[in-house]
Amino acid sequence: MKLASDEQLREAMGAELVRRRGADFGLDGFVGHVVCASVSRNTVTVRVTVTATEVNSSGTLDEGWTAARADALTGTLICVLSGTIFHTTTSLAVSVQPRPICPPAEIFIELSVDSALQPPSASAVFRDALNPSI
């Protein structure tokens, strides 16, 4: 199904996140809310509340949690945009700029897909919801 509007993309991504929560998609127990979407830019922003479970002993987001969520969420967006059910990640790179975080804290995960490339290329940027420049 071709998504015709930003609202359709926002709703489709939200529904797919709910569907994948109970399945083996790397989103077990994940609760995120799609706050905005752009069909023309192939982007979605998800708001997440970070708990103490997601914070490592250094007081920053756990890198494993970050990588797993980046993989699962970008894969979900690729599937929603392409109308497929499954995706395979062929390469994943994580670059972290550690910032202290005090849970519970709201973050935005900004997802984007470049579908002109084959296979599609995707990125996830994690930002502080109160200070998106971080």
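The values are calculated or read from the model by the stated rules, or taken from the named source; none is laboratory data. This structure is a prediction, so every number in the text was calculated from the model and none was measured. Cβ: placed from backbone, ideal geometry, glycine included. Neighbour counts: every protein chain shown. In case anyone asks, the SASA skips ligands and DNA or RNA and just uses the protein heavy atoms, side chains included. Shrake-Rupley method; radii C 1.70, N 1.55, O 1.52, S 1.80 Å.
Report the paramagnetic label zone for ARG47: residues of segment 88-124 whose backbone N is under 11 Å from a point 7 Å from Cα along the Cα-to-Cβ axis.
In segment 88-124, the label zone of ARG47 (backbone N under 11 Å from the point 7 Å along Cα→Cβ) covers 106-108.
Which value in deg cm²/dmol, rounded to the nearest 500, describes the helix-derived mean residue ellipticity at 222 nm for the chain, given -39,500 (n - 2.57) per DSSP H run of n ≥ 4 and division by the residue count?
Roughly -9000 deg cm²/dmol at 222 nm, from the helical runs in the chain.
How big is D for the chain, in µm² s⁻¹ as a whole number, if Stokes-Einstein is applied with the Kirkwood radius of its Cα pairs at 25 °C and 0.890 mPa s?
The calculation lands on 162 µm²/s.
Give, in nm to one decimal, the length gained when the segment between THR84 and SER5 is fully stretched (0.36 nm per residue of separation minus the Cα-Cα distance).
The span from THR84 to SER5 would gain 26.6 nm if fully extended.
Would you mind working out the accessible area per residue for segment 1-118, using a 1.4 Å probe, and quoting it in Å²?
Computed with neighbouring chains in place, this is 57 Å² per residue.
Quick one: with all protein chains in place, what share of the accessible area of the chain is carbon or sulfur, to the nearest percent (1.4 Å probe)?
Its accessible area is 54 percent carbon and sulfur atoms.
Once you place label points 7 Å from the Cα toward the Cβ at SER95 and ARG21, how far apart are they in nm?
If labels sit at SER95 and ARG21, their model points lie 3.3 nm apart.
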